[in-house]
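Shown next, in structure tokens, is the structure this report addresses.
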Amino acid sequence: MAAMIKVEGLTRDYGNFVAVDDISFTCKPGTVTGFLGPNGAGKTTTMRVMVGLTPATRGEVTIGGLHFHDIPNPGRHVGVLLDASAQHAGRTGREVLTLGARTMGLPMSRVEEMLALVALDDTESRRRVRNYSLGMRQRLGIAHALLGDPSVLILDEPANGLDPAGIRWMRGLLKGYADRGGTVLLSSHLLNEVEQIADEMLLIGRGKIVARGTKAELLAGAGGAGTLVVAEDNDRLVAALDERGISHTPVGLGFRVDAQPVDVGRLSVEKSIVLTDLRPVEGGLEDLFLELTSDTQRDDLAHLPAPTGAPL
Amino acid sequence: MTTQAAAAPMTLDVSQTPRVPFTRLVQVELRKMFDTRAGRWLLISIAATTALVLVIQLWVVLAQDMSVTFGDFGGGANIPMNVLLPVLGIMSVTSEWSQRTAMVTFSLEPSRSRFLRAKFVSTLLVALVAVLVGLGLTILANAVYAGLSDNPVTWELSPFQIFCFFLLYVFSMATGFAFGTLLLNTAAAIVIYFVYSFIVPGLMELGTLLDWFKDIRPWIDFANAQNPIIEADVSGKEWAQLATSGLIWLVLPLVIGVWRVLRAEVK
């Protein structure tokens with residue numbers, strides 16, 4: 001299917017610092033696209049350019065074939081949440097939604113519907129945003145983004161500050177939204193927030209897209225993350241692995257093997273080795289994520305020389 | 001991008017959604033001035049201090065058995081209005097930045113010039129209401145004066161005088177608005193505005209010691225140029241001086257400020 005959001009050759013510099021470096025991607029209707037990257041990778045800048053808050057140095061973004069600036073009453077088409085804390089601290093949650101509804105020309109009943117949808121009760125909705133927790137602000141922000149019943153959602157770190165139940169709730173909400181034909185682009189710096197919901201993932205590091213695809217494609221592209229295996233007789237397992245030329249490293253009671261679980265299982269059957277544990281390496285995608293973005297991480301995970309001169 | 005995707009672009013059906021009407025933007029901007037505690041109390045305190053000034057004025061006038069005109073009370077009402085209306089003008093703009101609501105505002109109305117115009121019109125409407133409130137309080141003060149004083153009472157107020165009040169309020173509100181757009185920061189804009197309104201006139205006064213400055217001062221001193229308006233007696237030359245000084249202190253900051261808002265990256 002054709003793309004609803006189309007980013008082409010987008011670049012944004014700040015002097016010598018390139019925040020977003022020639023990135024292109026598309027988001028299709030009926031899908032959730034996860035935009036993943038460490039802090040300062042350029043996710044927010046990209047989303048801000050999409051909405052016209054930051055001008056692009058080069059390249060362009062269209063939503064449904066239009067520049068954001070040319071969408072009439074954009075709140076009715078594109079729901080935006082860029083920063084849940086960017087609300088007047090002295091307004092009540094209800095008032096924030098009322099202003100949005102009035103601007104978009106929506107009936108006030110829509111405010112009630114959205115409050116109910118994000119589970120902010122009557123008392124909470126009458127409290128000032130200043131007194132909201134980050135999780136409540138996110139809920140309010142999501143309510144605001146959904147207010148105009150848009151067909152596209154652009155959400156920057158929407159799960160930030162939500163408790164585990166809230167994250168699960170949001171996943172369900174966005175999944176349902178995409179299933180009804182909506183287009184969702186959401187960013188996160190936490191892989192596990194996104195991997196369960198995103199149909200497609202974009203990994204961004206230092207302004208560049210370093211990998212893209214579905215979870216399965218990404219893992220396949222990385223050659224799989226390996227298998228953790230423990231045998232009743234580890235020595236025989238080692239011998240069998242060595243014989244096949246499969247590399248392995250001792251981890252805990254067993255080994256981490258650079259092969260798929262199915263291959264290790266087959267080997268154990270052929271050699272009649274009893275396995276007590278066999279599973280894919282957990283967080284395979286996470287390793288991939290960290291590896292792909294390692295030179296952009298603040299913390300030097302891979303013991304590489306620290307990036308120099310990155311003005312972050 | 002593949003040609004296939006380009007041939008069948010997924011589009012938004014925007015044919016059924018008109019732009020947000022300008023009047024609705026103005027309504028929303030007006031609402032934003034009232035819907036926070038800070039905004040509401042600023043409006044209330046403008047009315048309250050105006051009333052307070054008139055009460056003090058009445059008390060002095062009656063105690064001293066002075067003879068005053070309706071216009072004198074009007075002048076009294078102007079003092080707090082001219083100090084506080086600019087603050088309202090400043091805050092209407094800067095709160096969008098200091099509270100970062102501009103991000104939300106621009107995602108609902110991406111045309112920043114429409115947003116600024118709506119903001120400006122909403123401040124003008126408040127100035128209009130301020131004129132009416134000021135007028136009402138002035139009438140009340142004059143009525144009390146009429147009831148308690150034996151001195152002659154005047155009720156004369158020409159439409160031109162009312163227009164002059166409105167003009168004064170618009171100038172002070174708009175100057176605040178201009179400083180707000182220029183600095184996009186509440187505290188800085190208020191400080192700079194008060195430097196402008198309390199220190200610049202003193203410097204201008206000092207400057208008149210220089211002969212060459214004495215001649216150009218009327219053309220560049222906006223506060224001074226507004227005096228004929230306060231008196232509601234403006235000559236052609238004075239209108240011209242109002243225009244040139246207003247160009248420097250109101251239009252120029254406003255133009256630079258608008259340019260800044262149109263271009264500024266909204267953080």
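For the reader, a short list of remarks on this structure follows.
- Those lysines that a straight Cα-Cα span of less than 18 Å connects to B:LYS32, excepting residues fewer than 8 apart in one chain: B:LYS119
- Coupling constants for segment A:38-48 follow from the phi torsions by the Karplus curve (6.51 cos²θ - 1.76 cosθ + 1.60, θ = phi - 60°), and in residue order they are x, 4, x, 7, x, 4, 5, 4, 4, 5, 5 Hz; glycine and proline get x.
- A simple count of charges around A:LYS215, restricted to other residues whose Cβ falls under 12 Å of its Cβ and scoring Lys, Arg +1 and Asp, Glu -1, yields -4.
- Summing charges over all other residues whose Cβ lies under 9 Å from the Cβ of A:HIS189, with Lys and Arg as +1 and Asp and Glu as -1, gives -1.
- Full-extension gain in nm, B:ILE199 to B:ARG117, via 0.36 nm per residue minus C-alpha separation: 26.5 nm
- Value of relative contact order over chain B, rounded to a whole percent, pairs C-alpha under 8 Å and six or more apart: 23 percent
- For segment A:1-143, relative contact order (Cα pairs under 8 Å, six or more residues apart, normalised by length) works out to 21 percent.
- When the Cα gyration tensor is reduced to axis lengths a ≥ b ≥ c, the ratio a/c is 1.5 or higher for the protein assembly as shown, and with a/b above b/c it is classed as prolate.
- Bridging of B:LYS267 to aspartates and glutamates at a Cα separation below 18 Å is possible for A:ASP13, A:ASP83, A:ASP156, A:GLU157, B:GLU96, B:GLU109, once same-chain residues fewer than 8 apart are set aside.
- Under Karplus coefficients 6.51, -1.76 and 1.60, residue-wise ³J(HN,Hα) of segment A:133-146 in Hz, glycine/proline x: 6, 4, x, 5, 5, 5, 4, 4, x, 5, 4, 5, 5, 8
- Beta bridges by DSSP in chain A, antiparallel share as percent, to the nearest 5: 65 percent
- Point-to-point label distance, A:ASP199-B:TRP212, nm (Cα→Cβ direction, 7 Å offset): 7.4 nm
- Other-chain or far-sequence residues with amide H under 5 Å of A:ALA231's (modelled H): A:THR276
- Take every Cα pair under 8 Å whose residues are at least 6 apart in sequence, average their separation, divide by the length of chain A, and the relative contact order is 20 percent.
- Positive-end ranking of B:LEU125, B:VAL144, B:TRP97 along the dipole of segment B:86-178, with charges on Cβ about the Cα centre, is headed by B:TRP97.
- When the square roots of the Cα gyration tensor eigenvalues are ordered a ≥ b ≥ c, the ratio a/c for segment A:115-239 is 1.5 or more and a/b exceeds b/c, which makes its shape prolate.
- Near the amide H of A:ALA211, within less than 5 Å, lie the amide hydrogens of A:LEU203, all on another chain or at least 5 residues away, with H placed in the peptide plane.
- Candidate cross-link partners of B:LYS214 among the lysines, defined by an alpha-carbon separation under 18 Å and a same-chain spacing of 8 or more, comprise B:LYS237.
- Remark on chain B: Rg and Dmax equal 22.6, 91 Å (Cα only).
- Positive contributions from Lys and Arg (+1) and negative ones from Asp and Glu (-1), summed over other residues with Cβ under 11 Å from the Cβ of B:THR181, come out at +2.
- Potential extension, B:TRP155-B:GLU231 segment - 0.36 nm per residue separation minus Cα distance: 25.8 nm
- Kirkwood radius for chain A, taken over all pairs of different Cα atoms as the inverse mean of 1/r, rounds to 21.6 Å.
- Shape of segment A:1-62, Cα gyration tensor, a/c cut at 1.5: prolate
All of the numbers you see were taken from the coordinates with simple rules; none came from a lab. Every value quoted in this text rests on a predicted model; they were computed, and no experiment measured them. Cβ coordinates were reconstructed from backbone atoms using ideal geometry, including for glycine residues, and neighbour counts include every protein chain displayed.
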